[in-house]
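Everything below concerns the one structure shown next.
Just so it is clear, none of the values below were taken in a lab; they were calculated from the coordinates. Not measured: the values here are computed from a predicted model. Quick reminder, even Gly has a Cβ in these numbers, built from the backbone with ideal geometry, and neighbours come from all protein chains shown.
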Amino acid sequence: MEKVYYLDNAAATRLDEQVLDVMTPLYFDRYSVATSEFGYSLGVEAKEALDDARSRLAQALGANSDEFIFTSGSAESSNLALKGVAKALGTKKGKHLIVSKIEDFPVLYSARTLEKEGFTVDYLDVDGEGLVDLEKLEALIKPETILVSIQHGNQEIGTIQDIGVIGTICRERGVLFHTDATHTFMRVPLDVNTIAVDLITVSAHTLHGPKGIGGLYVKKGTTLAKIMDGGFQEFDLRGGMDNIPGAVGFAKAAELVTADENIRLAAMRDHIITMVSEQIPDVILNGHPRQRTPQNANITFHYVEGESITLHLDMYGIAVSTGSACFSRSLEASHVIAAIGGDHERAHGSIRLTVGRFNTMEEVIFVEETLKKVVENLRKISPLGKE
Amino acid sequence: MASPYNDLVLEHFKNPRNTGRIEDPDGKATEGSPACGDMVSLYLKVDPKTRVIDDIKFESYGCASNIATGSIITELAKGKTIDEAKKITWQEASEALGGLPKIKAHCSVLAVEVLRSAIQNYEEKHGLVTEKVATTEEIVRKRLKKVMNPIKGLDMVATHLVKEIEITGGVVRIVIDLPETHQFANAIREDAVEKIESLWDIDQVIVEFTD
């Protein structure tokens, strides 16, 4: 295979070998289901492995073991958070939810599904840098509001919300608060002892862990109904076969993330943002200049279209993504760029570059140089930006 | 490489033919698609005697399918008479490229439409319009649908920018619902004038703003 420059780590990451190493025995040696302590030895061992993974992941959030449930990934976690709260509190407390306009699809579409079922949802505005309007949030909370769901870090533009403040507002008003931390877990500090949060979505796929495993932190005492019927797994909140290799891999993946690594990612991110802004004219940084996830750079290149940029970059082995409508299967431009007040053109020429553990500064420099060349060439044939 | 585009499309995308502008073109046009946001401009030099397209160039603000179709359409049109060139269909352009993904059809249709519009522009400017229909408000409105409103990424008619259209003795007056000081006011004005002034019975286009 030719050399690949993979800068789409917000979408999926390469598995770390050390993660695979701890998972392999659970497929070949201790492959049984997790049984109760009265079951056969293999099952008891499997149960211990699952409990150990759960306890380590809960600890990473400052939570107790019985507050962390495994799911199939962040989509399921967010579905459970929104639909589970709606199911549990819809008839008891009210049918109103608040989500931000820039949530990722699992939250956004769960909210839309609930709307069809008779709930009302307010979609909270964000400012030009992607931060939610806190005053508006306070104004939107009503007695019948059951849940506020505002992400921690954005999937496209990397903006980190002030979830400490948001959590406090929600707790003071007696409203449950869910945050989707898919893009911040282990990358940005998040401790349930200092932040008033009731539900947190996390996933292994963004952390060089396996795909198909995620988790939901559920604060003790939170009213939540199960939406996946099956056995009594996961404290009877999520039926279905335990993904023990996945759970153990997830715990290992989380453990492998260090503060030094996050500093290294942020340095590569800053290099991209600085070099592109200095060397390529007519660009805009999308997202917050400081309050952003360490792995995310998102830049709009005026006068050119994103799919054309990504396709050219692909010829050099570079993998990045774009918010352009032309790139998506639905031909819809990025809802995040639209929410930060960007016009169609801003989404059209936006490129997201997300770094991960296996990227090097050399790779980043190659990507920057290639990007410069590609944008220059495409601008030469563009009818825009010449006067 | 697993790509939805075939090698020929990718080759035209990577090395598009006939790109750039022609100074003082005999005919020119710009088409933009609201759905995709793509935009393509095309310039023509036509031999006044034979009506053969001597030179043709295009510019694209678009995706791969738009760029590749612009490239192939200029190759197909070059050396043909304007009457032959305006008959080139999207089907022919797509076949010449060995096929395009269906979902990207509208991005490439644009490149075919712009060739027809540029030829029409040439014919209007050179008194070659055979069917001399008097310009109506409907015709003006149809043309203004090709003027993009950069604020929305949709055309100015769909975004309700056109407040009034008045046609009196060769003069078209258009009122646009924007303040004159708006950052895009001038761009929209120029674009609108360009689309209307080439109509055979129009001598003057006046664009006014609401503030």
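All other residues with a Cβ under 14 Å from the Cβ of A:GLY214 taken together, and with Lys, Arg as +1 and Asp, Glu as -1, what is their net charge?
-2
Given points 7 Å out from each Cα along the Cα-Cβ axis, report the A:GLU172 to B:VAL52 separation in nanometres with one decimal.
8.0 nm
Using a 10 Å cut-off on Cβ atoms, rank the peptides A:202-212, A:231-241 from the highest mean neighbour count down.
A:202-212, A:231-241
May I ask for the net charge around A:HIS348, where only other residues with Cβ less than 11 Å from the Cβ of A:HIS348 are counted and Lys, Arg are +1 while Asp, Glu are -1?
On the way: positive: A:ARG346; negative: A:GLU305, A:GLU307, A:ASP343, A:GLU345, B:ASP38.
My count for the surroundings of A:HIS348 gives -4.
Residues of B:50-62, mean number of Cβ from any other protein chain within 10 Å of their own Cβ, rounded to a whole number? Working shown, then result.
Details: counts 0, 0, 0, 0, 0, 0, 0, 1, 2, 6, 8, 15, 11.
Other-chain Cβ atoms within 10 Å of each residue's Cβ, averaged: 3.
Amide H of A:PHE177 versus every other amide H placed in the peptide plane: which residues, excluding those fewer than 5 positions away on the same chain, fall under 5 Å?
Those lying under 5 Å, H to H, from A:PHE177 are A:VAL148, A:ASP198, A:LEU199.
Quick one: Karplus J couplings for region A:341-354, per residue in order, coefficients 6.51, -1.76, 1.60, θ = phi - 60°, nearest Hz, x for Gly and Pro?
x, x, 7, 4, 5, 5, 6, 3, x, 8, 10, 9, 10, 10
What are the ³J(HN,Hα) couplings of region A:296-313, residue after residue, when phi is run through the Karplus curve with 6.51, -1.76, 1.60 and θ = phi - 60°? Round to Hz, x for glycine and proline.
Those phi angles translate into 10, 10, 9, 10, 9, 9, 5, 6, 10, 9, x, 5, 5, 5, 5, 5, 5, 4 Hz.
Taking every residue in A:232-245, how many Cβ atoms of other protein chains lie within 10 Å of its Cβ, on average?
So the per-residue partner count for this stretch is 0.
What is the Rg over Rh value, at two decimals, for region B:137-209, using alpha-carbon atoms and the Kirkwood definition of Rh? Walk me through the intermediate numbers first.
Values: Rg = 11.2 Å, Rh = 12.0 Å.
When Rh is taken as the Kirkwood radius, the ratio is 0.93.
Rg over Rh of chain B, using C-alpha atoms and the Kirkwood radius, what does it come to?
On the way: Rg = 17.9 Å, Rh = 18.0 Å.
My calculation of the ratio gives 0.99.
Just list whichever of B:LYS28/B:LYS49; A:LYS101/B:LYS104; A:LYS87/A:LYS219; B:LYS14/B:LYS87 have alpha carbons separated by over 22 Å in the model shown.
Numbers: B:LYS28/B:LYS49 19 Å; A:LYS101/B:LYS104 28 Å; A:LYS87/A:LYS219 17 Å; B:LYS14/B:LYS87 27 Å.
Long pairs (Cα-Cα over 22 Å): A:LYS101/B:LYS104; B:LYS14/B:LYS87.
To the nearest 10 degrees, how steeply does helix A:163-172 sit against the main Cα axis of chain A, on a 0 to 90 scale?
Approximately 40 degrees, to the nearest ten.
Using a 7 Å offset from the Cα along the Cα-to-Cβ direction at both B:ALA158 and B:THR210, what is the distance between the two label points in nm, to one decimal?
It is 2.0 nm.
Can you give the angle from 0 to 90° between the axis of helix B:185-197 and the longest principal axis of chain B, with both taken from C-alpha atoms, to the nearest 10?
80 degrees
Using only DSSP helix segments of four residues or longer, with each worth -39500 (n - 2.57), what per-residue ellipticity at 222 nm results for chain A after dividing by its residue count and rounding to 500? Display every interim value, and only then the final one.
Working: 13 runs with 154 residues, N = 387.
Value at 222 nm, helices only, nearest 500: -12500 deg cm²/dmol.
Arranged from highest to lowest average of other beta-carbon atoms within 10 Å per residue, in what order do the peptides B:62-73, A:92-103, A:40-51, A:19-30 appear? Before the final figure, lay out each step's value.
Values: B:62-73: 30.1, A:92-103: 21.7, A:40-51: 16.7, A:19-30: 15.2.
Descending mean neighbour count gives B:62-73, A:92-103, A:40-51, A:19-30.
For a quick check: with amide H placed at 1.01 Å from N, whose amide H comes under 5 Å from A:LYS95's, ignoring anything fewer than 5 positions away on the same chain?
The list, which skips near neighbours in sequence, is empty: none.
What does the average come to when, for each residue of peptide A:337-346, you count the partner chain Cβ atoms lying within 10 Å of its Cβ?
Across A:337-346, the average partner-chain Cβ count within 10 Å equals 3.
How many percent of DSSP beta bridges within the protein assembly as shown run antiparallel, rounded to 5? Could the numbers behind the result be given before it?
Values: 45 of 70 bridges.
Rounded to the nearest five, the antiparallel share is 65 percent.
Using θ = phi - 60° and the Karplus form 6.51 cos²θ - 1.76 cosθ + 1.60, what ³J(HN,Hα) does each residue of region A:21-33 get, whole Hz, x for Gly and Pro?
So the J values, rounded to whole Hz, are 4, 7, 7, 3, x, 6, 8, 10, 10, 10, 8, 6, 6.
Using only the alpha-carbon atoms, how far is helix A:105-116 inclined from the longest principal axis of chain A? Give it as 0 to 90 degrees, nearest 10.
70 degrees
Have a look at A:GLN295, A:GLN151, A:GLN59 and tell me which one the Gaussian network model of chain A (Cα, springs below 10 Å) gives the largest fluctuation.
Among A:GLN295, A:GLN151, A:GLN59, the largest mean-square fluctuation in the Gaussian network model of chain A belongs to A:GLN59.
Label points 7 Å out from Cα along the Cβ direction at A:ILE263 and B:GLU11: separation in nm?
A separation of 5.2 nm, rounded to one decimal place.
What's the local net charge at A:CYS170, with K and R +1, D and E -1, over the other residues with C-beta under 11 Å away? Write down the numbers at each step before the final one.
Working: positive: A:ARG171, A:ARG173; negative: A:GLU138, A:GLU172, A:ASP198.
Surrounding charge for A:CYS170 is -1.
Beyond 46 Å, how much of the Cα-Cα pair distribution for the protein assembly as shown remains, as a whole percent?
Values: 50043 of 178503 pairs.
Above the 46 Å cut-off, the protein assembly as shown has 28 percent of its Cα pairs.
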